[in-house]
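Here's a structure for you.
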Amino acid sequence: MKLTILGGGGFRVPLVYGALLGDRGEGRVTDVVLHDLDAGRLSAVARVLAEQAADVPDAPTVTATTDLDEALRGADFIFSAIRVGGLEGRAADERVALDQGVLGQETVGAGGIAYGLRTVPVAVDIARRVARLAPDAWLINFTNPAGLVTEAMSRHLGDRVIGICDSPVGLGRRIARVLGANPREAWIDYVGLNHLGWVRGLHVAGRDELPRLLADPDLLGSFEEGKLFGTEWLQSLGAIPNEYLHYYYFNREAVRAYSEAEKTRGAFLRDQQEHFYEEMKRPDAAALTAWDRTRAEREATYMSENRETAGAGERDADDLSGGYEKVALALMRAIARDERTTLILNVRNQGTLSVLDADAVIEVPCLVDANGAHPVAVAPLPDHATGLVCAVKAVEREVLAAAESSSRATAVKAFALHPLVDSVNVARRLVDGYTGAHPGLAYLE
Ligand code: G6P
Ligand code: MN
């Protein structure tokens, strides 16, 4: 079983490899191929993986290459975890937006549109190559903005591309925990777009336990989303939103907090990781120790840098370690071993939300088996949520159209139509700012 990781020089790759090392089951991954454009980053990460594998019998072999086509040939699974423009690009996505007084964030609002405009052409090129060189492979997309990028790739790969995110499962786990339920036994009624979804119910043994949580201010106030959104607002909504909805419901506060921060999240991570990759240039550096230290620093600052300023509480260690790699491994296992399971994934709508067309990628519980991920039927969203979902999907479609046509005017339209961009003039200035900051947007004319 061969797994190819695109963005193989990325900082989170050792988390994925660590999860693979723990998998002793039949049909497990035996060969890992790392691909990256940057040979230095590749060799840094390969050194960490070699140390991780040191005492593990039958550890998956690791090879590294900067040749994309070579990496794709013969792959059974492909993880796409690229970051076009790197963390420098993320920092610019955040800064240019904040300079215009709108939200500067990795995936939501103007920052997410800029990231999407940069990433879609690269993702489409990858999808085309996969369709040609590894047509039977399953592509698991980690790359943000995950819903949009998955939709771009699905136009070439159909349902062989599946997008993942750790936030819905993390949210479900936190809710189950405060209710005293076993997260594994709970059915989470969640739907929306990536980073734009709501938990409407949590069913255990045939009973919806969410009303019990919504009725109890003490319970509600005891977990991250309760602190982030406030009990009253959650009671008014009658649902628990994904934490990223904070950027919509408390936009003004989030923009202010981010504008006042010394560094954006992207700039912070850029500086921190630069240090790690620099250290790895020394041949005698202890790779795993250096990686672990950098990761611990990152996690310690996760909430304080990211959202604490906007009112969130602490995130516990379990949430931080139960992330992308676990969702990805669970998905890969279910497909490879035909072990039927349910996971919240980014897939084509196919009629699940009747207000969106069949090809719109949404985030929804799916039944997964050897045939792939099949969205389950869910109740419709309330009007306020439908409104946001449709508005943001329309923006995503403009981003896809701008990337396809290289049209600057269409890019302006994408920014201008976003609910968190409050003027067409701001949208124009955002396009000017972003094309100035990102060489990857030079294609817009
Ligand atoms: C969560 C989201 C990811 C996002 C990440 C940002 O895990 O689901 O989509 O990329 O947070 O974390 P970071 O530490 O990079 O700010
Ligand atoms: Mn995510």
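The values are calculated or read from the model by the stated rules, or taken from the named source; none is laboratory data. Bear in mind the structure is a predicted one, so any value in this text is a computation, not a measurement. Glycine gets a Cβ as well: all are built from the backbone with ideal geometry, and neighbour counts include every protein chain shown.
Among the listed residues Ala81, Ala50, identify the single one that is away from ligand 2 (no atom under 16 Å from the Cβ) and modelled with pLDDT of 95 or more.
Ala50
Same structure again: Of the residues Val178, Val204, Val161, Val130, which is within 27 Å of Ala379 (Cβ to Cβ), surrounded by 23 or more Cβ atoms within 10 Å (Cβ to Cβ) and either free of Cβ contacts under 8 Å to residues at least 12 places away in the same chain or more than 16 Å from ligand 1 (Cβ to nearest atom) (or both)?
Numbers: Val178 fails: surrounded by 23 or more Cβ atoms within 10 Å (Cβ to Cβ); Val204 fails: surrounded by 23 or more Cβ atoms within 10 Å (Cβ to Cβ); Val130 fails: within 27 Å of Ala379 (Cβ to Cβ).
Within the list Val178, Val204, Val161, Val130, the selection yields Val161.
Under 7 Å between Cβ atoms, which residue pairs at least 6 apart in sequence (or on different chains) link something in region 260-281 that is under 16 Å from Gly40 (Cβ atoms) and more than 16 Å from ligand 2 (Cβ to nearest atom) with a partner that is among the charged types (D, E, K, R) and assigned to a helix (DSSP H, G or I)?
Arg270/Glu88; Tyr277/Arg41; Met280/Arg47
Let me ask another. Among the residues of region 181-201, how many are among the small types (Gly, Ala, Ser) and away from ligand 1 (no atom under 16 Å from the Cβ)?
Filtering region 181-201 down to residues among the small types (Gly, Ala, Ser) leaves 181, 186, 192, 197, 201.
In the following step, the residues that additionally are away from ligand 1 (no atom under 16 Å from the Cβ) were identified as 181, 186, 201.
Qualifying residue count, region 181-201: 3.
If you take the residues of region 1-41 that are part of a strand (DSSP E or B) and not charged (D, E, K, R), which of them is surrounded by the fewest Cβ atoms within 10 Å (Cβ to Cβ)? Working first, answer last.
Filtering region 1-41 for residues part of a strand (DSSP E or B) gives 2-6, 31-35.
From what is left, the residues that are not charged (D, E, K, R) are 3-6, 32-35.
Details: Leu3: 25, Thr4: 28, Ile5: 30, Leu6: 27, Val32: 25, Val33: 22, Leu34: 26, His35: 26.
Only one residue tops the list, namely Val33.
Please find, within region 164-175, the residue that is surrounded by the fewest Cβ atoms within 10 Å (Cβ to Cβ) out of those that are closer than 24 Å to Asp218 by Cα and within 16 Å of ligand 2 (Cβ to nearest atom).
Arg173
One line per residue, one yes/no per condition, for (1) acidic (Asp, Glu); (2) in a strand (DSSP E or B); (3) over 25 Å from Arg174 (Cβ atoms):
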{"site": "Leu213", "(1), (2), (3)": "no, no, no"}
{"site": "Glu225", "(1), (2), (3)": "yes, no, no"}
{"site": "Trp233", "(1), (2), (3)": "no, no, no"}
{"site": "Val255", "(1), (2), (3)": "no, no, yes"}
{"site": "Gly266", "(1), (2), (3)": "no, no, yes"}
{"site": "Pro283", "(1), (2), (3)": "no, no, yes"}
{"site": "Leu288", "(1), (2), (3)": "no, no, yes"}
{"site": "Glu299", "(1), (2), (3)": "yes, no, no"}
